[in-house]
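Trainee: Pasting in a structure now, in C-alpha coordinates, and then I'll have a few things to ask.
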Amino acid sequence: MQGKDRTALVLGASGGIGGEVARRLRDAGWRVVALRRGLPAAHEVRDGLHWQRGDALNAADVRAAARGCGVIVHAVNPPGYRDWDRVVLPMLDHSIAAAQAEGATLVLPGTVYNYGPDAFPLLAEDAAQRPVTRKGAIRAEMEARLRAASGAALRVIIVRAGDFFGPQARNSWFSQGMVKPGQAVKTIANPPAAGVGHQWSYLPDVAQAMVELLGVRHTLPAFNNLHMTGHWDATGREMAEAIQRVVARRTGRTPRIAGFPWWLLTLASPFVKTFRDMREMRYLWQRPVRLAGTRLATVLGREPHTPLDEAVEAALQGLGCLPAAVHEVAGARPSTPLHPSRP
(Lines give C-alpha, C1' and ligand atoms only; values in the text may rest on other atoms or scores of the structure.)
Protein backbone atom coordinates (compact mmCIF):
# COMPACT_ATOMS: atom_id res chain seq x y z
CA MET A 1 0.00 0.00 0.00
CA GLN A 2 1.33 3.45 -0.93
CA GLY A 3 2.39 5.75 1.88
CA LYS A 4 1.68 9.44 2.25
CA ASP A 5 4.55 10.39 -0.05
CA ARG A 6 2.84 8.58 -2.94
CA THR A 7 -0.79 9.47 -2.15
CA ALA A 8 -2.48 12.42 -3.88
CA LEU A 9 -5.85 14.11 -3.63
CA VAL A 10 -7.01 15.41 -7.01
CA LEU A 11 -9.75 18.03 -6.98
CA GLY A 12 -11.37 18.22 -10.40
CA ALA A 13 -10.57 14.63 -11.39
CA SER A 14 -13.74 14.44 -13.46
CA GLY A 15 -12.53 17.35 -15.60
CA GLY A 16 -9.87 17.75 -18.26
CA ILE A 17 -6.55 18.53 -16.60
CA GLY A 18 -7.55 17.01 -13.24
CA GLY A 19 -8.60 13.76 -14.87
CA GLU A 20 -5.45 13.57 -16.94
CA VAL A 21 -3.20 14.15 -13.91
CA ALA A 22 -5.17 11.63 -11.82
CA ARG A 23 -4.80 8.88 -14.42
CA ARG A 24 -1.10 9.54 -14.93
CA LEU A 25 -0.44 9.50 -11.19
CA ARG A 26 -2.36 6.21 -10.97
CA ASP A 27 -0.34 4.73 -13.83
CA ALA A 28 2.88 5.85 -12.11
CA GLY A 29 1.93 3.82 -9.03
CA TRP A 30 0.36 6.53 -6.87
CA ARG A 31 -2.74 6.07 -4.74
CA VAL A 32 -5.15 8.72 -6.04
CA VAL A 33 -8.09 10.08 -4.05
CA ALA A 34 -10.67 12.02 -6.07
CA LEU A 35 -13.44 14.20 -4.65
CA ARG A 36 -16.77 14.32 -6.46
CA ARG A 37 -20.22 15.67 -5.71
CA GLY A 38 -23.24 13.43 -6.23
CA LEU A 39 -21.38 10.15 -5.81
CA PRO A 40 -23.98 7.45 -4.94
CA ALA A 41 -21.78 5.94 -2.21
CA ALA A 42 -19.52 7.69 0.27
CA HIS A 43 -16.53 5.87 -1.24
CA GLU A 44 -16.05 4.08 -4.53
CA VAL A 45 -13.03 2.62 -6.30
CA ARG A 46 -13.38 3.00 -10.06
CA ASP A 47 -10.77 2.89 -12.81
CA GLY A 48 -8.09 2.58 -10.14
CA LEU A 49 -9.09 5.89 -8.51
CA HIS A 50 -10.45 6.16 -4.96
CA TRP A 51 -13.50 8.38 -5.37
CA GLN A 52 -14.88 10.10 -2.28
CA ARG A 53 -18.15 11.97 -2.08
CA GLY A 54 -17.67 15.62 -1.28
CA ASP A 55 -17.62 19.20 -2.49
CA ALA A 56 -14.55 21.38 -3.03
CA LEU A 57 -16.63 24.28 -1.67
CA ASN A 58 -16.95 22.47 1.67
CA ALA A 59 -13.82 22.89 3.79
CA ALA A 60 -14.61 19.82 5.93
CA ASP A 61 -14.99 17.63 2.84
CA VAL A 62 -11.65 18.73 1.43
CA ARG A 63 -9.91 18.32 4.77
CA ALA A 64 -11.30 14.81 5.21
CA ALA A 65 -10.32 13.75 1.71
CA ALA A 66 -6.79 15.16 2.15
CA ARG A 67 -5.93 13.15 5.25
CA GLY A 68 -2.90 11.01 4.56
CA CYS A 69 -2.13 12.78 1.26
CA GLY A 70 1.30 14.18 0.49
CA VAL A 71 0.02 16.02 -2.59
CA ILE A 72 -3.10 18.01 -3.46
CA VAL A 73 -3.75 18.80 -7.13
CA HIS A 74 -6.09 21.78 -7.27
CA ALA A 75 -7.59 21.43 -10.75
CA VAL A 76 -11.19 22.23 -9.90
CA ASN A 77 -13.04 25.07 -11.64
CA PRO A 78 -16.66 26.03 -12.15
CA PRO A 79 -17.93 24.64 -15.47
CA GLY A 80 -17.38 27.08 -18.31
CA TYR A 81 -16.90 30.60 -17.00
CA ARG A 82 -19.75 30.57 -14.47
CA ASP A 83 -19.54 31.70 -10.84
CA TRP A 84 -15.83 32.50 -10.80
CA ASP A 85 -16.35 35.57 -8.60
CA ARG A 86 -18.22 33.53 -6.01
CA VAL A 87 -16.51 30.15 -5.70
CA VAL A 88 -12.95 30.06 -7.07
CA LEU A 89 -11.10 31.68 -4.18
CA PRO A 90 -12.98 29.85 -1.40
CA MET A 91 -12.20 26.52 -3.09
CA LEU A 92 -8.51 27.40 -3.23
CA ASP A 93 -8.51 28.49 0.42
CA HIS A 94 -9.87 25.06 1.40
CA SER A 95 -7.09 23.34 -0.54
CA ILE A 96 -4.42 25.57 1.03
CA ALA A 97 -5.70 24.85 4.54
CA ALA A 98 -5.81 21.10 3.91
CA ALA A 99 -2.32 21.08 2.37
CA GLN A 100 -0.87 23.04 5.30
CA ALA A 101 -2.49 20.66 7.78
CA GLU A 102 -0.92 17.68 5.99
CA GLY A 103 2.41 19.32 5.17
CA ALA A 104 1.59 18.56 1.53
CA THR A 105 2.60 19.91 -1.86
CA LEU A 106 -0.15 21.83 -3.67
CA VAL A 107 -0.16 21.81 -7.48
CA LEU A 108 -2.07 24.38 -9.55
CA PRO A 109 -2.52 24.37 -13.35
CA GLY A 110 -1.87 28.01 -14.27
CA THR A 111 -2.90 30.17 -17.22
CA VAL A 112 -1.89 33.42 -18.94
CA TYR A 113 -5.07 35.20 -17.78
CA ASN A 114 -3.29 36.73 -14.79
CA TYR A 115 -1.04 38.79 -17.07
CA GLY A 116 -1.94 42.08 -18.70
CA PRO A 117 -0.75 43.51 -22.03
CA ASP A 118 2.14 45.29 -20.29
CA ALA A 119 3.83 41.86 -19.94
CA PHE A 120 3.28 40.82 -23.58
CA PRO A 121 4.44 39.44 -25.93
CA LEU A 122 6.91 37.15 -24.12
CA LEU A 123 5.75 36.20 -20.62
CA ALA A 124 8.61 35.55 -18.23
CA GLU A 125 7.87 33.35 -15.23
CA ASP A 126 8.31 36.22 -12.77
CA ALA A 127 6.74 38.97 -14.88
CA ALA A 128 4.51 41.41 -13.00
CA GLN A 129 0.87 40.37 -12.96
CA ARG A 130 -1.41 43.28 -13.83
CA PRO A 131 -4.53 41.62 -15.27
CA VAL A 132 -7.18 43.54 -17.19
CA THR A 133 -10.14 41.14 -16.79
CA ARG A 134 -12.19 39.88 -13.87
CA LYS A 135 -11.10 36.31 -14.41
CA GLY A 136 -7.49 37.43 -14.72
CA ALA A 137 -7.72 39.30 -11.42
CA ILE A 138 -8.97 36.15 -9.71
CA ARG A 139 -6.15 34.11 -11.23
CA ALA A 140 -3.59 36.63 -10.01
CA GLU A 141 -5.10 36.56 -6.52
CA MET A 142 -4.98 32.74 -6.52
CA GLU A 143 -1.26 32.79 -7.21
CA ALA A 144 -0.68 35.56 -4.66
CA ARG A 145 -2.40 33.51 -1.96
CA LEU A 146 -0.34 30.44 -2.84
CA ARG A 147 2.90 32.39 -2.71
CA ALA A 148 1.95 33.91 0.66
CA ALA A 149 0.98 30.50 2.09
CA SER A 150 4.03 28.60 0.83
CA GLY A 151 6.67 27.69 3.36
CA ALA A 152 7.79 24.88 5.61
CA ALA A 153 4.28 23.39 5.83
CA LEU A 154 3.31 23.94 2.20
CA ARG A 155 5.25 23.51 -1.03
CA VAL A 156 3.59 25.04 -4.12
CA ILE A 157 4.05 24.08 -7.79
CA ILE A 158 2.31 26.21 -10.44
CA VAL A 159 2.60 25.06 -14.04
CA ARG A 160 1.41 27.75 -16.44
CA ALA A 161 0.47 26.71 -19.95
CA GLY A 162 -1.28 28.01 -23.05
CA ASP A 163 -4.79 27.11 -24.16
CA PHE A 164 -5.44 23.43 -23.49
CA PHE A 165 -6.37 20.89 -26.12
CA GLY A 166 -6.53 17.11 -25.88
CA PRO A 167 -8.75 14.01 -25.92
CA GLN A 168 -10.46 14.94 -22.63
CA ALA A 169 -10.30 18.74 -22.88
CA ARG A 170 -13.96 19.43 -23.58
CA ASN A 171 -14.03 22.81 -21.85
CA SER A 172 -11.53 24.58 -24.11
CA TRP A 173 -11.30 26.95 -27.05
CA PHE A 174 -10.21 24.03 -29.24
CA SER A 175 -13.27 21.91 -28.44
CA GLN A 176 -15.86 24.65 -27.94
CA GLY A 177 -14.70 27.18 -30.51
CA MET A 178 -12.70 25.62 -33.32
CA VAL A 179 -14.55 22.30 -33.73
CA LYS A 180 -17.75 20.73 -32.44
CA PRO A 181 -17.43 17.62 -30.25
CA GLY A 182 -19.21 14.58 -31.65
CA GLN A 183 -19.45 16.03 -35.15
CA ALA A 184 -17.38 15.63 -38.29
CA VAL A 185 -15.13 18.63 -38.92
CA LYS A 186 -16.42 20.55 -41.93
CA THR A 187 -15.39 24.07 -40.91
CA ILE A 188 -12.66 25.16 -38.48
CA ALA A 189 -13.43 28.42 -36.67
CA ASN A 190 -10.05 30.08 -36.04
CA PRO A 191 -10.04 32.62 -33.16
CA PRO A 192 -6.74 34.55 -33.65
CA ALA A 193 -6.64 37.81 -35.55
CA ALA A 194 -4.83 37.51 -38.88
CA GLY A 195 -1.14 36.79 -38.39
CA VAL A 196 -1.31 36.78 -34.58
CA GLY A 197 0.56 33.93 -32.89
CA HIS A 198 -0.98 31.91 -30.06
CA GLN A 199 0.21 29.50 -27.38
CA TRP A 200 -1.33 26.01 -27.15
CA SER A 201 -0.64 23.19 -24.69
CA TYR A 202 -1.48 19.52 -25.19
CA LEU A 203 -3.21 18.37 -22.02
CA PRO A 204 -1.37 15.02 -21.65
CA ASP A 205 1.96 16.85 -21.93
CA VAL A 206 0.98 19.26 -19.15
CA ALA A 207 -0.19 16.41 -16.93
CA GLN A 208 3.00 14.45 -17.56
CA ALA A 209 5.10 17.46 -16.61
CA MET A 210 3.17 17.83 -13.35
CA VAL A 211 3.60 14.17 -12.45
CA GLU A 212 7.33 14.32 -13.15
CA LEU A 213 7.70 17.51 -11.10
CA LEU A 214 5.98 15.77 -8.20
CA GLY A 215 8.59 13.05 -8.44
CA VAL A 216 11.32 15.59 -7.61
CA ARG A 217 9.28 17.95 -5.44
CA HIS A 218 11.43 17.45 -2.34
CA THR A 219 14.37 18.99 -4.20
CA LEU A 220 12.42 22.13 -5.13
CA PRO A 221 11.99 25.40 -3.21
CA ALA A 222 8.78 26.13 -1.32
CA PHE A 223 7.28 28.14 -4.18
CA ASN A 224 7.68 27.20 -7.84
CA ASN A 225 6.15 28.80 -10.93
CA LEU A 226 7.11 27.18 -14.20
CA HIS A 227 6.11 27.75 -17.81
CA MET A 228 5.48 25.17 -20.52
CA THR A 229 6.44 26.24 -24.02
CA GLY A 230 3.93 23.78 -25.49
CA HIS A 231 3.00 24.45 -29.11
CA TRP A 232 3.64 27.97 -30.39
CA ASP A 233 1.38 28.80 -33.35
CA ALA A 234 3.52 31.53 -34.90
CA THR A 235 1.13 32.48 -37.70
CA GLY A 236 -2.19 32.05 -35.91
CA ARG A 237 -3.14 29.40 -38.49
CA GLU A 238 -0.83 26.49 -37.66
CA MET A 239 -3.30 24.84 -35.29
CA ALA A 240 -6.16 25.18 -37.79
CA GLU A 241 -3.93 23.84 -40.58
CA ALA A 242 -2.94 20.86 -38.41
CA ILE A 243 -6.64 20.07 -37.92
CA GLN A 244 -7.05 20.34 -41.70
CA ARG A 245 -4.21 17.90 -42.35
CA VAL A 246 -5.39 15.34 -39.82
CA VAL A 247 -9.01 15.42 -41.02
CA ALA A 248 -7.96 15.21 -44.67
CA ARG A 249 -5.71 12.22 -44.00
CA ARG A 250 -8.35 10.38 -41.99
CA THR A 251 -11.41 11.20 -44.11
CA GLY A 252 -10.19 12.33 -47.53
CA ARG A 253 -12.05 15.63 -47.07
CA THR A 254 -10.32 18.94 -46.30
CA PRO A 255 -12.35 21.23 -44.02
CA ARG A 256 -12.20 24.95 -44.65
CA ILE A 257 -10.75 27.46 -42.19
CA ALA A 258 -13.04 30.35 -41.29
CA GLY A 259 -12.76 33.27 -38.92
CA PHE A 260 -14.16 32.86 -35.42
CA PRO A 261 -17.64 34.47 -35.08
CA TRP A 262 -16.72 37.08 -32.49
CA TRP A 263 -19.67 39.13 -33.70
CA LEU A 264 -22.00 36.42 -32.39
CA LEU A 265 -20.47 36.62 -28.91
CA THR A 266 -20.89 40.39 -29.03
CA LEU A 267 -24.58 40.11 -29.89
CA ALA A 268 -25.32 37.39 -27.35
CA SER A 269 -23.11 38.58 -24.48
CA PRO A 270 -25.77 40.87 -22.91
CA PHE A 271 -27.94 37.77 -22.45
CA VAL A 272 -25.43 34.91 -21.95
CA LYS A 273 -22.81 35.36 -19.22
CA THR A 274 -20.55 32.62 -20.64
CA PHE A 275 -20.37 34.48 -23.97
CA ARG A 276 -19.71 37.74 -22.14
CA ASP A 277 -16.77 36.23 -20.27
CA MET A 278 -15.42 34.57 -23.42
CA ARG A 279 -15.56 37.89 -25.23
CA GLU A 280 -13.64 39.47 -22.36
CA MET A 281 -10.74 37.17 -23.24
CA ARG A 282 -10.57 38.31 -26.85
CA TYR A 283 -7.50 40.47 -26.13
CA LEU A 284 -5.47 37.24 -25.85
CA TRP A 285 -6.27 36.50 -29.51
CA GLN A 286 -5.57 39.99 -30.84
CA ARG A 287 -1.84 40.10 -30.14
CA PRO A 288 0.83 37.42 -29.68
CA VAL A 289 1.21 36.09 -26.14
CA ARG A 290 3.94 33.52 -25.63
CA LEU A 291 5.17 31.78 -22.49
CA ALA A 292 8.91 31.96 -21.96
CA GLY A 293 10.91 30.14 -19.35
CA THR A 294 13.52 27.48 -18.81
CA ARG A 295 12.83 26.35 -15.26
CA LEU A 296 10.73 23.32 -16.15
CA ALA A 297 13.17 21.99 -18.73
CA THR A 298 16.05 22.66 -16.32
CA VAL A 299 14.37 20.71 -13.51
CA LEU A 300 13.21 17.77 -15.66
CA GLY A 301 15.95 17.77 -18.27
CA ARG A 302 13.39 18.36 -21.05
CA GLU A 303 9.74 19.29 -21.48
CA PRO A 304 7.24 16.54 -22.36
CA HIS A 305 6.22 17.35 -25.92
CA THR A 306 3.97 15.49 -28.35
CA PRO A 307 4.31 16.39 -32.06
CA LEU A 308 1.50 18.70 -33.14
CA ASP A 309 -0.26 16.48 -35.70
CA GLU A 310 -0.12 13.50 -33.35
CA ALA A 311 -1.59 15.58 -30.54
CA VAL A 312 -4.31 17.06 -32.77
CA GLU A 313 -5.31 13.61 -34.03
CA ALA A 314 -5.61 12.28 -30.48
CA ALA A 315 -7.66 15.33 -29.49
CA LEU A 316 -10.06 15.04 -32.42
CA GLN A 317 -10.40 11.30 -31.87
CA GLY A 318 -11.18 11.79 -28.18
CA LEU A 319 -13.75 14.48 -28.98
CA GLY A 320 -15.56 12.18 -31.43
CA CYS A 321 -14.70 14.30 -34.47
CA LEU A 322 -13.00 11.53 -36.48
CA PRO A 323 -14.18 8.15 -37.73
CA ALA A 324 -12.69 5.11 -36.02
CA ALA A 325 -9.12 4.45 -37.13
CA VAL A 326 -8.30 1.21 -38.91
CA HIS A 327 -6.47 -0.19 -35.88
CA GLU A 328 -9.52 0.50 -33.70
CA VAL A 329 -11.83 -1.33 -36.07
CA ALA A 330 -9.47 -4.30 -36.36
CA GLY A 331 -8.62 -4.33 -32.68
CA ALA A 332 -4.91 -3.91 -33.37
CA ARG A 333 -2.54 -1.62 -31.55
CA PRO A 334 -1.71 1.72 -33.18
CA SER A 335 1.68 1.91 -34.83
CA THR A 336 2.31 5.37 -33.33
CA PRO A 337 1.47 5.69 -29.61
CA LEU A 338 -0.62 8.72 -28.75
CA HIS A 339 1.30 9.85 -25.69
CA PRO A 340 3.97 12.44 -24.97
CA SER A 341 7.17 11.74 -26.86
CA ARG A 342 10.43 11.68 -24.97
CA PRO A 343 13.26 13.29 -26.89
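The values are calculated or read from the model by the stated rules, or taken from the named source; none is laboratory data. Fair warning: this is a prediction, and the values are worked out from it, not measured in the lab. Cβ placement follows ideal geometry from the backbone for every residue including glycine, while neighbour counts extend to all protein chains displayed.
Trainee: Which residues, counting only those in the stretch 267-283, are modelled with pLDDT of 80 or more and among the hydroxyl-bearing types (Ser, Thr, Tyr)?
Mentor: Answer for the stretch 267-283, where residues must be modelled with pLDDT of 80 or more and among the hydroxyl-bearing types (Ser, Thr, Tyr): just 283.
Trainee: Are any residues in the stretch 76-108 part of a strand (DSSP E or B) and either within 17 Å of the chain's Cα centre (by Cα) or surrounded by fewer than 22 Cβ atoms within 10 Å (Cβ to Cβ) (or both), and if so, which ones?
Mentor: Within the stretch 76-108, 106, 107, 108 meet the criteria.
Trainee: Follow-up. Give the stretch 214-239 a look and list any residue that's surrounded by 20 or more Cβ atoms within 10 Å (Cβ to Cβ) and among the hydrophobic types (A, V, I, L, M, F, W, C), or say none.
Mentor: 214, 226, 228, 239
Trainee: Specify which of the listed residues (73, 45) is outside any loop (DSSP other than H, G, I, E, B), touching a helix residue (DSSP H, G or I) at 6+ places or on another chain (Cβ under 6 Å) and among the aliphatic types (A, V, I, L, M).
Mentor: 73 is the lone residue from the list that is outside any loop (DSSP other than H, G, I, E, B), touching a helix residue (DSSP H, G or I) at 6+ places or on another chain (Cβ under 6 Å) and among the aliphatic types (A, V, I, L, M).
Trainee: Step by step: first the residues of the stretch 111-125, then only those that are touching a helix residue (DSSP H, G or I) at 6+ places or on another chain (Cβ under 7 Å) and either charged (D, E, K, R) or within 17 Å of residue 89 (Cα to Cα) (or both), then the one that is surrounded by the fewest Cβ atoms within 10 Å (Cβ to Cβ). Which residue is that?
Mentor: 125
Trainee: Could you tell me whether any residue of the stretch 200-216 is charged (D, E, K, R) and assigned to a loop (DSSP other than H, G, I, E, B)?
Mentor: Scanning the stretch 200-216 turns up no residue that is charged (D, E, K, R) and assigned to a loop (DSSP other than H, G, I, E, B).
Trainee: What are the residues in the stretch 126-135 that are surrounded by fewer than 16 Cβ atoms within 10 Å (Cβ to Cβ), touching a helix residue (DSSP H, G or I) at 6+ places or on another chain (Cβ under 8 Å) and in contact (Cβ under 8 Å) with a residue 40 or more places away in the chain, if any?
Mentor: The answer is 132, 134.
Trainee: Next up: If you take the residues in the stretch 1-28 that are among the aliphatic types (A, V, I, L, M) and assigned to a helix (DSSP H, G or I), which one is surrounded by the fewest Cβ atoms within 10 Å (Cβ to Cβ)?
Mentor: 25
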